[in-house]
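Here the structure comes first, spelled out in structure tokens, and everything after it is commentary.
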Amino acid sequence: MNNKDYGNIGEAEAISFYIKKGYMVSKPLFENCKYDMVVDDGKSLFRVQVKTSRHKTEYGKYKVNLRTRGGNRSGTGKVTRISSEEVDLVFIYLEDGRIFEFTGSDLEGKSTINL
């Protein structure tokens, strides 16, 4: 499975997670957004960035890359990091099925996180 396919699984897991919480989920029409979806809890809208990981460190923790390089997000090959001005929530899906949710401000400016 390639990274794009695995990212799609992560997004599907995020959609399921938020629907089970009773949220409405919307996806941007195009891929040039800093977030992958918007969730609506009935009171507020939250921009959600989805991250996935299949890579373990030597200590058995999953290393989650929080940066985006090139591709459809930055367009110029520059590295971008999570910004709380652009992302409200970060949903992380790990290969072993565990999920995590952080606020954008929890992860702002970080390159990676080990879980």
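Quick notes
- Given charges at beta-carbon only (K, R positive; D, E negative), |dipole| of the stretch 1-106 in Debye: 320
- Length-normalised contact order for the stretch 2-115 - Cα pairs under 8 Å, 6+ apart - percent: 23
- The lysine pair tally for the chain, using Cα distances under 19 Å and a gap of 8 or more places or different chains, is 20.
- Applying the criteria of a DSSP loop state and at most 13 other Cβ atoms within 10 Å to the chymotrypsin sites (Phe, Trp or Tyr not before Pro) of the stretch 39-70 yields Tyr59.
- Solvent exposure of the chain as accessible area per residue, Å², 1.4 Å probe: 61
- Solvent-accessible area, 1.4 Å probe, carbon plus sulfur percent, for the chain: 48
- For the stretch 1-38, chymotrypsin sites (Phe, Trp or Tyr not before Pro) meeting the loop criterion (DSSP other than H, G, I, E, B) and having at most 11 other Cβ atoms within 10 Å: Phe30.
The values are calculated or read from the model by the stated rules, or taken from the named source; none is laboratory data. Bear in mind that the values here come from a model prediction, so they are computed numbers and not experimental data. Cβ atoms come from the backbone with ideal geometry, glycine included; neighbour counts cover every protein chain shown. Each accessible area value is taken on the protein alone, full model and side chains, heavy atoms only, with ligands, DNA and RNA left out. Shrake-Rupley method; radii C 1.70, N 1.55, O 1.52, S 1.80 Å.
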